[in-house]
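Peer 1: This structure is in structure tokens; I'll ask about it shortly.
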Amino acid sequence: MISVNKISVSFGGFDLLKDINFIINKGDRIGLTGKNGAGKTTLLKLLAGISDPSSGEVTRQKDTSVGYLAQQIEIKDTSTLMGETMLAFGELINLEKNISKLNKELPSTTDFHSENYLKKLDSLTEMNERYSILGGDTYQADLEQTLLGLGFERNDFNRPTSEFSGGWRMRIELAKLLLKKPDIILLDEPTNHLDIESIQWLENFLKNYRGAVMLVSHDKAFLDAVCNRIMEISLGRINDQKMIYSDFVKWKKEQREINLAAYRNQQKMIEDTEKFIERFRYKATKAIQVQSRIKQLEKIERIEIEEKDKAELKIYFPPVPSSGKVVIEGKNISKSYGLHVVLNNVNLTVERGEKVAFVGRNGEGKTTLVKIILQQLEHEGSMKTGHNVKTGYFAQNQSDMLDGELTVLETIDEIATGEIRTKIRDILGAFLFSGDDVDKKVKVLSGGEKTRLAMIRLMLKPVNLLVLDEPTNHFDMQSKEILKEALIHFKGTVILVSHDRDFLDGIVNCVYEFRNRAVKQHLGGIYDFLRKKRLESMQDYEKAGIQNKSDKKATEKPRNGEGQKYFEERKEINRNISRLEKKISETELSIEKLEEEMSAVNLKLSATGVLNNTSIFESYDSLQEELNKTLSIWEELHTELENWKSKKTW
């Protein structure tokens with residue numbers, strides 16, 4: 001569908017992309033990854049035809065349509081939600097008008113054999129076929145389904161787009177793009193403005209999409225659910241692997257170890273060669289050998305190693321001051337904005353050491369309750385903070401509170417104390433501030449850079465309650481991992497507003513769901529909550545089905561025991577799924593351990609002087625055999641798991 005041939009992109013002598021080649025085929029689900037600034041957005045723009053490469057070409061098959069959603073777009077507020085979304089069907093609406101026009105003209109024609117009549121008849125046939133191909137019979141239903149899936153309510157359909165926030169207007173643009181059904185969809189961070197329910201709907205939509213998809217995302221769970229091929233931009237080149245993101249991370253770790261061993265060997269060889277050249281450069285008897293070594297160095301293709309991943313850097317919050325057992329207690333909390341009720345009689349208790357997530361659709365009151373907890377909003381009801389609670393707050397606009405006249409380094413240095421002062425540059429580097437970046441003034445930083453800087457400041461303050469509102473929106477993978485690890489080890493209390501399931505997993509032990517002006521507590525982690533929600537949805541469906549049958553056949557005797565039998569079957573399916581998922585997790589740990597052992601053996605094989613060591617080769621062969629067996633078991637378990645999952649109806 002799209003062929004990329006030796007494209008390069010250069011800016012002032014710096015090569016962002018270097019001689020990249022790949023093909024996008026129908027059905028591909030590609031996750032485009034890489035560090036911030038690696039060139040992901042640039043590549044998407046090249047594929048969309050918005051910009052041109054410095055060299056090389058992007059070739060599209062004839063009539064291939066491409067849809068692109070950028071992170072930031074210009075939105076015109078001149079219509080209603082329904083009216084704006086209908087713009088996706090411009091061709092269909094024109095076809096409807098023309099078909100209607102011809103259907104009115106043809107009955108009034110009396111000369112059925114004239115050339116004009118036959119042309120109109122052919123045109124009508126072609127337009128009807130085109131109308132059917134474009135989904136003309138279902139487009140209005142598709143529109144409703146898409147808007148509802150992305151979190152809009154039916155009563156939003158006739159609201160002016162100017163009434164929606166920027167995040168909701170981005171959803172409108174996403175809906176328009178999906179409804180156009182282009183051959184290739186290009187999405188740049190599509191989940192930034194979506195809640196968990198909308199992300200799951202988008203996952204299912206993209207997995208079943210007939211065309212190709214390429215997307216940039218820092219949401220691991222989203223990448224794993226949608227993508228079957230990962231393309232990482234690293235050092236201007238592409239690593240292209242047909243695997244899910246989680247497997248790609250493991251593969252990359254192995255490759256780095258192999259490449260690092262090869263890099264060290266090459267550097268040793270270069271160093272030895274340069275020493276030889278320097279030593280014998282002016283000896284006539286060695287002139288031929290010296291020239292030979294010089295040419296040898298010139299021909300070497302230098303191995304490049306990406307800067308060490310700072311995700312291994314451990315940053316912990318300062319020691320936590322002691323607080324009372326009850327940290328936050330809210331009773332009968334209500335909040336309205338004019339006639340619009342956001343929260344109604346909400347009760348909330350958070351105890352010392354708890355780590356809770358606030359989840360729900362945008363606009364359901366998560367940030368409102370956060371501001372009430374922080375005593376920033378007037379409200380009805382009682383909200384109390386416990387004894388000696390010291391709060392650290394990260395708001396979505398936290399970056400606006402930084403001093404623009406300070407440099408990046410000064411911003412962190414003024415609050416860093418003790419041993420942490422020796423690690424300031426490492427910490428800044430982990431959050432993508434390296435080299436001369438640390439000497440930039442805050443006022444010249446981008447919004448994302450300011451957000452990351454604000455998070456570093458918060459991580460260095462001694463508090464016992466952390467309230468974080470969408471903290472990871474401008475973070476890359478490694479920055480998120482560092483923050484997640486720090487929160488897992490944080491000994492205080494955490495209230496976390498986020499839609500990133502992978503980020504929440506392992507941190508929170510309680511989920512508060514915001515829906516219809518109420519807040520419902522769910523004990524357990526984020527995936528426990530999501531599994532419970534699927535079960536509740538099925539139960540609601542069954543209740544509705546029972547009610548419908550009751551309405552239709554009020555006199556029909558119910559068939560006793562069928563409901564109980566059904567749920568017993570569901571429980572058996574769930575038990576088997578849980579059992580297999582546990583086994584798969586254990587097997588994956590075994591695979592990871594074997595791969596680490598093989599990597600260690602690989603390092604030995606890469607070292608000089610071990611080529612004749614038989615025991616190392618035997619050890620490698622033994623590990624390889626065991627790995628193959630374990631991989632076979634893993635595949636069998638996955639096959640069995642898919643069989644059980646196929647028996648589920650949700």
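Peer 1: Please go through segment 164-197 and pick out each residue that is at pLDDT 90 or above and small (Gly, Ala, Ser).
Peer 2: Within segment 164-197, just Ala175 meets the criteria.
Peer 1: Condition check: in contact (Cβ under 8 Å) with a residue 12 or more places away in the chain and either open to solvent by 10 Å² or more (accessible area, probe 1.4 Å) or not in a strand (DSSP E or B) (or both). Does His522 satisfy that? Break it down stepwise before answering.
Peer 2: Details: in contact (Cβ under 8 Å) with a residue 12 or more places away in the chain: yes; either open to solvent by 10 Å² or more (accessible area, probe 1.4 Å) or not in a strand (DSSP E or B) (or both): no.
Criteria not met by His522.
Peer 1: Test each condition in (1) surrounded by 20 or more Cβ atoms within 10 Å (Cβ to Cβ); (2) part of a loop (DSSP other than H, G, I, E, B) for Ile333 and report the one that comes out false.
Peer 2: It is condition (2) that Ile333 fails.
Peer 1: Also, quick follow-up: All but one of (1) farther than 16 Å from Tyr68 by Cα; (2) in contact (Cβ under 8 Å) with a residue 40 or more places away in the chain; (3) charged (D, E, K, R); (4) surrounded by 15 or more Cβ atoms within 10 Å (Cβ to Cβ) hold for Arg169, so report the exception by its number.
Peer 2: (1)
Peer 1: If you don't mind, another one. Just checking, which of Phe394, Phe358 is touching an Asp or Glu at 6+ places or on another chain (Cβ under 9 Å), buried (at least 19 other Cβ atoms within 10 Å of the Cβ), at pLDDT 90 or above and not β-branched (Val, Ile, Thr)? Break it down stepwise before answering.
Peer 2: Details: Phe394 fails: at pLDDT 90 or above.
Checking each option against the conditions leaves just Phe358.
Yes/no matrix, rows are residues, columns are (1) open to solvent by less than 20 Å² (accessible area, probe 1.4 Å); (2) touching a helix residue (DSSP H, G or I) at 6+ places or on another chain (Cβ under 7 Å):
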| position | (1), (2) |
| --- | --- |
| Met1 | no, no |
| Lys6 | no, no |
| Phe14 | no, no |
| Ile30 | yes, no |
| Gly39 | yes, no |
| Ile50 | no, no |
| Val58 | no, yes |
| Lys97 | no, no |
| Lys101 | no, no |
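Peer 1: Something else about it: Any idea which of Thr493, Thr451, Thr407 is touching a His at 6+ places or on another chain (Cβ under 8 Å) and β-branched (Val, Ile, Thr)? Before you say what the answer is, go through the steps one by one.
Peer 2: On the way: Thr493 fails: touching a His at 6+ places or on another chain (Cβ under 8 Å); Thr407 fails: touching a His at 6+ places or on another chain (Cβ under 8 Å).
It is Thr451.
Peer 1: Further, regarding this structure: Among the residues of segment 80-133, which ones are among the acidic types (Asp, Glu) and not in a loop (DSSP other than H, G, I, E, B)? Spell out how you get there, then give the answer.
Peer 2: Kept after step one, since they are among the acidic types (Asp, Glu), are these residues of segment 80-133: 84, 91, 96, 105, 111, 115, 122, 126, 129.
If the condition is that a residue be among the acidic types (Asp, Glu) and not in a loop (DSSP other than H, G, I, E, B), then Glu84, Glu91, Glu96, Glu105, Glu115, Asp122, Glu126, Glu129 are the ones that fit.
Peer 1: Given the condition at pLDDT below 75, closer than 20 Å to Glu257 by Cα and among the β-branched types (Val, Ile, Thr), answer yes or no: does some residue in segment 603-613 qualify?
Peer 2: yes
Peer 1: Given the criteria surrounded by 15 or more Cβ atoms within 10 Å (Cβ to Cβ), touching a Phe, Trp or Tyr at 6+ places or on another chain (Cβ under 8 Å) and at pLDDT 80 or above, does Lys252 qualify? Don't jump to the end; show me each part of the working.
Peer 2: Values: surrounded by 15 or more Cβ atoms within 10 Å (Cβ to Cβ): yes; touching a Phe, Trp or Tyr at 6+ places or on another chain (Cβ under 8 Å): no; at pLDDT 80 or above: yes.
Judged against the criteria, Lys252 is not a match.
Let's see how each residue does on (1) among the β-branched types (Val, Ile, Thr); (2) closer than 26 Å to Ser498 by Cα; (3) outside any loop (DSSP other than H, G, I, E, B):
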{"site": "Arg210", "(1), (2), (3)": "no, no, no"}
{"site": "Val213", "(1), (2), (3)": "yes, yes, yes"}
{"site": "His218", "(1), (2), (3)": "no, yes, no"}
{"site": "Ala225", "(1), (2), (3)": "no, yes, yes"}
{"site": "Ile238", "(1), (2), (3)": "yes, no, yes"}
{"site": "Ser246", "(1), (2), (3)": "no, yes, yes"}
{"site": "Val249", "(1), (2), (3)": "yes, yes, yes"}
{"site": "Lys252", "(1), (2), (3)": "no, no, yes"}
{"site": "Gln255", "(1), (2), (3)": "no, no, yes"}
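Peer 1: How many of the residues in segment 21-45 are over 18 Å from Ala225 (Cα atoms) and part of a strand (DSSP E or B)?
Peer 2: The total comes to 4.
Peer 1: Considering only segment 266-276, I want to know if a residue exists there that is closer than 30 Å to Lys423 by Cβ, touching a helix residue (DSSP H, G or I) at 6+ places or on another chain (Cβ under 8 Å) and hydroxyl-bearing (Ser, Thr, Tyr). Quick ask: steps written out before the conclusion?
Peer 2: Keep residues of segment 266-276 that are closer than 30 Å to Lys423 by Cβ, which gives 267.
Okay, now just the ones that are also touching a helix residue (DSSP H, G or I) at 6+ places or on another chain (Cβ under 8 Å), so none.
No, segment 266-276 contains no residue that is closer than 30 Å to Lys423 by Cβ, touching a helix residue (DSSP H, G or I) at 6+ places or on another chain (Cβ under 8 Å) and hydroxyl-bearing (Ser, Thr, Tyr).
Peer 1: To continue, here is another question. All but one of (1) open to solvent by 30 Å² or more (accessible area, probe 1.4 Å); (2) in contact with an Asp or Glu (Cβ under 9 Å, 6 or more places away or on another chain); (3) not in a helix (DSSP H, G or I) hold for Arg293; state the number of the condition that does not hold.
Peer 2: (3)
Peer 1: Also, quick follow-up: Does segment 16-28 hold any residues that are open to solvent by 50 Å² or more (accessible area, probe 1.4 Å) and of a type in the set (A, V, I, L, M), and which are they?
Peer 2: Within segment 16-28, just Ile23 meets the criteria.
Peer 1: Would you kindly identify the strands (runs of 3 or more DSSP E) lying entirely within segment 437-517 that contain at least 2 residues that are open to solvent by less than 40 Å² (accessible area, probe 1.4 Å), in contact with a Phe, Trp or Tyr (Cβ under 6 Å, 6 or more places away or on another chain) and farther than 30 Å from Gln375 by Cβ? Step through it out loud before you land on a result.
Peer 2: Details: elements: 465-469, 493-497, 510-515.
Those strands (runs of 3 or more DSSP E) do not exist here; none qualify.
Peer 1: Which residues, counting only those in segment 140-155, are open to solvent by less than 20 Å² (accessible area, probe 1.4 Å) and under 23 Å from Asn516 (Cα atoms)?
Peer 2: In the first step, residues of segment 140-155 are kept if they are open to solvent by less than 20 Å² (accessible area, probe 1.4 Å); the result is 143, 146-147, 149-152.
Thr146, Leu147, Gly149, Leu150, Gly151, Phe152, listed by residue number.
Peer 1: Give me the pairs: first residue in segment 24-48 and without any contact (Cβ under 8 Å) to a residue 40 or more places away in the chain, second residue of a type outside the set (D, E, K, R) and surrounded by 22 or more Cβ atoms within 10 Å (Cβ to Cβ), beta-carbon distance under 6 Å, and six or more apart or on different chains, which are they?
Peer 2: Qualifying pairs under 6 Å: Thr42/Val9.
Peer 1: Just to be sure before I move on: is Ser10 at pLDDT 90 or above, of a type in the set (S, T, N, Q) and over 27 Å from Lys480 (Cβ atoms) in the structure I sent? Don't jump to the end; show me each part of the working.
Peer 2: On the way: at pLDDT 90 or above: no; of a type in the set (S, T, N, Q): yes; over 27 Å from Lys480 (Cβ atoms): yes.
In short, no.
Peer 1: Assess whether Leu223 counts as being buried (at least 17 other Cβ atoms within 10 Å of the Cβ) and in contact with a Gly (Cβ under 8 Å, 6 or more places away or on another chain).
Peer 2: Numbers: buried (at least 17 other Cβ atoms within 10 Å of the Cβ): yes; in contact with a Gly (Cβ under 8 Å, 6 or more places away or on another chain): yes.
Judged against the criteria, Leu223 is a match.
Peer 1: While we're on this one: Is it fair to say Asp137 is surrounded by 14 or more Cβ atoms within 10 Å (Cβ to Cβ) and under 27 Å from Lys97 (Cβ atoms)? Please lay out each step first, then the result.
Peer 2: Working: surrounded by 14 or more Cβ atoms within 10 Å (Cβ to Cβ): no; under 27 Å from Lys97 (Cβ atoms): yes.
Spelling it out, it is not the case that Asp137 is surrounded by 14 or more Cβ atoms within 10 Å (Cβ to Cβ) and under 27 Å from Lys97 (Cβ atoms).
The values are calculated or read from the model by the stated rules, or taken from the named source; none is laboratory data. On a predicted model such as this, the values are computed, not experimentally measured, just so you know. Counting neighbours? That spans all protein chains shown, and the Cβs are built from the backbone with ideal geometry, glycine included. We work out accessible area using only protein heavy atoms, side chains counted, and drop any ligands, DNA or RNA first. Shrake-Rupley method; radii C 1.70, N 1.55, O 1.52, S 1.80 Å.
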